[in-house]
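Read-outs: derived from the displayed coordinates by stated rules, not from any lab. Note that this is a predicted model, so its numbers are computed, not measured. For neighbour counting, all protein chains shown are included, and Cβ atoms are generated from backbone atoms with ideal geometry for every residue, glycine included.
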Ligand SMILES: O=C(CO)COP(=O)(O)O
């Protein structure tokens, strides 16, 4: 099945993400990429032959759109090059997106070295498929059944 993969980069890391994607382009050829607005535009311009959907810009709801996709089991991996040196006006959205990826066992790389580790794993696709649509309900059954 086609993998849906989220790609997001904060402004100072957009070039790095585009360079990273250039290195690993072949691995994304059969996948559908979902990116936040500006990241998506940068990547679409540089890689017109890849299947890239640009959502809303991050601060305008793009991170939340990706989070929603994760909650619906519609995203199998995330590459999110964050900028740890620049305060983000939508920091709550950034944290929510990372939290949901963790919650739903979506592999998420927040820097280039981790992205390299993920994408170079020969079992990358297999593991993404294994966790496709993973629901955390089992793990958090106590929470879901808590007494109110
Ligand atoms: O802010 C972002 C992620 O938190 C990225 O948004 P853009 O890709 O629209 O710049």
Quick one: how many residues across the range 14-41 are more than 8 Å from the ligand (Cβ to nearest atom) and crowded, with 21+ Cβ neighbours inside 10 Å?
4
Quick check on the range 98-122: of everything there that is part of a helix (DSSP H, G or I) and closer than 14 Å to residue 69 by Cα, which residue is nearest to the ligand (Cβ to nearest atom)?
98
Residue 23 meets each of (1) free of Cβ contacts under 8 Å to residues at least 24 places away in the same chain; (2) part of a strand (DSSP E or B) with one exception, condition (2)
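If a residue must be in a loop (DSSP other than H, G, I, E, B) and more than 15 Å from residue 82 (Cα to Cα), how many such residues does the range 1-20 contain?
The initial filter retains those residues of the range 1-20 that are in a loop (DSSP other than H, G, I, E, B), namely 1-3, 10.
Okay, now just the ones that are also more than 15 Å from residue 82 (Cα to Cα), so 1-3.
Residues that pass the stated criteria total 3.
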Residue check for residue 95: under 15 Å from the mean Cα position of the chain (by Cα), part of a helix (DSSP H, G or I) and under 22 Å from residue 12 (Cα atoms)
yes
Does residue 78 meet the test of being touching a residue at least 60 places away in the same chain (Cβ under 8 Å), part of a strand (DSSP E or B) and either more than 25 Å from residue 117 (Cα to Cα) or within 14 Å of the ligand (Cβ to nearest atom) (or both)?
yes
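Scan the range 1-13 for residues that are within 13 Å of the ligand (Cβ to nearest atom) and buried (at least 18 other Cβ atoms within 10 Å of the Cβ) and jot them down.
Quick first cut of the range 1-13, residues within 13 Å of the ligand (Cβ to nearest atom) only: 6-13.
The answer is 6, 7, 8, 9, 10, 13.
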Just wondering, is there one or more residues in the range 54-63 that are in a strand (DSSP E or B) and touching a helix residue (DSSP H, G or I) at 6+ places or on another chain (Cβ under 7 Å)?
yes
Single unsatisfied condition, residue 55 versus (1) touching a strand residue (DSSP E or B) at 6+ places or on another chain (Cβ under 7 Å); (2) over 30 Å from residue 144 (Cβ atoms); (3) free of Cβ contacts under 8 Å to residues at least 40 places away in the same chain; (4) near the ligand (Cβ under 9 Å from one of its atoms)
(2)
